[in-house]
Amino acid sequence: MASRTSYEVRVAGVIGPAAREAFDDLTIRVEPSATVLAGSLDQAALHGLIERIKALGLELIDITRVPSGRSTSARSTRHPAE
């Protein structure tokens, strides 16, 4: 079994409801100029996430490995359809 690590992945802007469905396995947090996708992933899942971001035409800003002990389970922010 592959080792899982917590990550926060930032994409530019606020992603819409349809794109959010592609990330329903992650916690989604909206910041002023970015959307943060957070969760515990193994290397294959991280690469798959990067491919989903690319396929949706989203701009990848940053990938941060979250130190153990710090939770990535912040509540998902829901916004009305744009």
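Read the figures in this text as sums done on the coordinates, not as results from a lab. Computed from a prediction, not measured in an experiment: that's the story for all the values here. We place every Cβ from the backbone using ideal geometry, glycine too, and count neighbours over all the protein chains shown.
Summarising the label geometry, the points placed 7 Å from Cα in the beta-carbon direction at THR64 and SER40 lie 2.0 nm from one another.
Convex hull of alpha carbon positions in the stretch 1-55: directionally averaged projected area 3.6 nm². For the stretch 1-59, GluC sites (Glu not before Pro) meeting the loop criterion (DSSP other than H, G, I, E, B) and having at most 11 other Cβ atoms within 10 Å: GLU59.
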